[in-house]
Amino acid sequence: MTERRQFRAIKGTRDILPPDSALWNRFEQTAREVFESYNFGEIRLPIFEQTELFARSVGTDTDIVSKEMFTFPLSQEFEKSTQLEEGPEQRELVSLRPEATASVCRAYIEHNMQALPGNTKLYYMGPMFRRERPQKGRYRQFYQIGAEVLGQSDAPAIDAEVLEMLLVFFSRAGLTRTTLYINSIGDKNCRPQYVELLRQELQKVKDQLGADSQRRIETNPLRVLDSKVPSEQPIIEKLPRISDHLCDDCRAHFAKLKDELNLRGIQYEENWRLVRGLDYYTRTTFEVIAEGLGSQNAVCGGGRYDGLVELLGGPPTKGIGFAIGTDRSILSIEETGNAPAPDGLSVYVAWMGLASYPTAVWITRKLRDAGLTVELPPEEMKFKKSLGLADKLGARYALILGEDEVASRTFTLKRLADAEQKKLTEAELLEYLESERRR
Ligand code: ATP
Ligand code: MG
């Protein structure tokens with residue numbers, strides 16, 4: 001006997017069902033419209049890549065690479081092939097992508113995009129995978145929408161335009177109560193000295209820090225600034241700040257960025273502790289937080305990553321981008337009551353009598369062609385039951401089609417909210433519903 005087993009989605013993954021999925025689609029559609037108005041084009045990327053690509057770009061000391069990736073051998077023959085000493089491609093490890101900037105840079109190099117005129121402006125959307133402890137706003141399969149600008153220029157106007165685009169998108173998508181935090185974390189000329197200074201200062205207070213932060217003094221001192229541990233906060237507040245240690249070029253870049261943001265009327269707050277979790281960032285870093293989310297309240301992170309393309313074997317290239325967390329953004333839109341009402345079902349075709357069925361099929365097609373959402377019951381039903389179902393499905397209208405209507409070549413349209421009925425010809429029906437749809 002086969003065992004009866006109830007399958008469930010794996011912890012940290014979930015199904016997005018209607019009507020929620022309509023909100024997701026609208027969110028993504030708004031991103032497409034806004035990003036395309038800034039002349040970004042969509043790039044569709046693979047969901048898994050060589051593990052080495054993420055290790056090299058995101059950084060081996062980061063949480064993402066050290067413990068959050070889903071990694072597996074590419075070849076089914078993995079076990080055997082290590083013994084047979086086949087070529088390295090056979091033994092290659094691949095990972096489900098934890099983020100997409102690395103893939104965008106890989107694709108930029110692979111397709112020689114530096115040869116294209118002007119800056120390369122790309123956006124992407126899709127699932128990302130991280131082995132994290134699942135909780136509200138934190139999943140193992142989650143979704144991001146991101147954009148990247150790659151090219152020869154690192155003009156602060158690029159950073160500012162990217163931020164403008166991001167905030168225009170958020171406001172158009174109904175994510176209105178957000179705060180933008182910005183920082184500059186310097187570049188290879190000034191950050192190493194600052195990190196060394198930070199390490200020295202951290203050594204002095206090591207005993208007062210928790211285990212995670214103590215470890216990071218050696219591996220990645222900047223990340224200590226990211227700590228949320230309450231007892232560490234007064235200590236961190238007294239640490240040296242990068243803003244006092246930027247080189248002249250980085251300082252000028254950051255000042256110009258703020259001018260550019262002011263020019264665009266963009267509100268922001270500076271946060272010297274915003275260092276971000278990925279190794280590849282230089283100069284500009286930013287984060288957007290939203291309301292209604294509790295502690296998982298970051299809905300977007302991003303920054304500049306000059307040099308990442310080169311690190312991955314490509315030509316010297318500047319880059320900046322962001323990644324929006326779709327799951328958390330949708331949660332915030334819902335919790336702040338900004339979710340638009342779904343369009344829903346406009347017409348339910350209540351047909352009775354087999355003689356009316358062909359007309360029902362044909363008028364349903366016509367109404368759908370006109371852009372209406374229409375439900376046609378596949379089997380004949382009693383009139384009362386049919387109208388009851390129309391009500392339960394939330395239809396705005398029932399189109400009643402019985403022998404009388406077929407004989408007189410008319411339709412009876414009933415508005416379910418107030419039971420008002422009209423007898424209409426086909427032309428009148430289409431015209432009426434069309435005008436209703438536009439309202
Ligand atoms: P956090 O500090 O919340 O872990 P992060 O720094 O790891 O965020 P990024 O790698 O910058 O996040 O990703 C950008 C955005 O993607 C985040 O601001 C967040 O909205 C979303 N995000 C990241 N990890 C998850 C996850 N596990 N589940 C849901 N959304 C996520
Ligand atoms: Mg994280």
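The values are calculated or read from the model by the stated rules, or taken from the named source; none is laboratory data. Given the structure is predicted, the values throughout are model-derived calculations rather than measurements. Neighbour counts are summed over all protein chains in view; Cβ atoms, including those assigned to glycine, are modelled from backbone coordinates with ideal geometry. Side chains included, ligands, DNA and RNA excluded: accessible areas come from the protein's heavy atoms. Shrake-Rupley method; radii C 1.70, N 1.55, O 1.52, S 1.80 Å.
What is the ratio of the Cα radius of gyration of the stretch 1-78 to 2.2 N^0.38 Å, with N the residue count, to two decimals?
Taking N as the residue count of the stretch 1-78, the ratio is 1.65.
Once phi is turned into ³J(HN,Hα) by the Karplus curve 6.51 cos²θ - 1.76 cosθ + 1.60 with θ = phi - 60°, what whole-Hz value does each residue of the stretch 316-322 show in order, with x for glycine and proline?
My calculation for the stretch 316-322 gives x, 8, 9, x, 8, x, 8 Hz in order.
Quick one: which residues, 5+ away or cross-chain, put their amide H under 5 Å from the amide H of Val94? H built at 1.01 Å from N.
Those lying under 5 Å, H to H, from Val94 are Thr51, Phe72, Leu74.
Quickly work out the Asp15-to-Lys392 label distance, labels modelled 7 Å from Cα along the C-beta direction, and quote it in nm with one decimal.
1.9 nm
Using only Cα atoms and rounding to the nearest 10 degrees, what angle (0 to 90) does helix 156-172 make with the longest principal axis of the chain?
Computed tilt is about 30 degrees.
Can you sort His111, His253, His245 by solvent-accessible area, 1.4 Å probe, largest first?
My answer, sorted largest first, is His111, His245, His253.
When you have a sec, figure out the Kirkwood radius of the stretch 162-273 from all distinct Cα pair distances and drop it here in Å to one decimal?
15.9 Å
At 1.4 Å probe radius, can you tell me the per residue accessible area of the chain in Å²?
Value returned for the chain: 52 Å² of accessible area per residue.
Between helix 20-37 and the chain, what is the angle of the helix's C-alpha long axis to the longest principal axis, kept within 0 to 90° and rounded to the nearest 10?
Orientation of helix 20-37: about 60 degrees from the principal axis.
Sum -39500 (n - 2.57) across every DSSP H segment of at least 4 residues in the chain, then divide by the residue count to get the 222 nm mean residue ellipticity, nearest 500.
-11000 deg cm²/dmol
What percentage of the solvent-accessible surface of the stretch 228-282, computed with a 1.4 Å probe over protein heavy atoms, is contributed by carbon and sulfur atoms?
50 percent
Take the Cα gyration tensor of the stretch 310-439, multiply each eigenvalue by 5, square-root it, and list the three semi-axes largest first, rounded to whole angstrom.
After diagonalising the Cα gyration tensor, the semi-axes are 45, 18, 14 Å.
Please report the carbon-and-sulfur percent of the accessible area for the stretch 308-385; probe 1.4 Å, protein heavy atoms only, DNA, RNA and ligands left out.
Its accessible area is 55 percent carbon and sulfur atoms.
What share of all Cα pairs of the chain, in percent, falls into each consecutive 10 Å distance bin?
4, 17, 23, 20, 14, 11, 8, 3, 1, 0
Dividing the alpha-carbon radius of gyration of the stretch 373-430 by 2.2 N^0.38 Å (N being the number of residues), what value is obtained?
1.10
Amide H of Glu291: which non-local residues (sequence gap of 5 or more, or other chain) have their own amide H closer than 5 Å, using H built in the peptide plane?
Residues meeting the amide H criterion: Arg177.
So who's got an amide H within less than 5 Å of the one on Glu42, skipping anything under 5 residues away but keeping other chains? H placed 1.01 Å off N, in plane.
Placed amide hydrogens put Tyr123 under 5 Å from Glu42.
Expressed as an acute angle from 0 to 90° and rounded to the nearest 10, what is the orientation of the C-alpha long axis of helix 426-438 relative to the principal long axis of the chain?
With both axes taken from Cα atoms, the answer is about 30 degrees.
Can you send over the carbon and sulfur percentage of the accessible area for the stretch 62-214, probe radius 1.4 Å, protein chains only?
That share works out to 48 percent.
Suppose the chain between Cys247 and Glu269 were pulled fully straight at 0.36 nm per residue; how much longer would it get relative to their current alpha carbon spacing?
Answer, rounded to one decimal: 5.8 nm.
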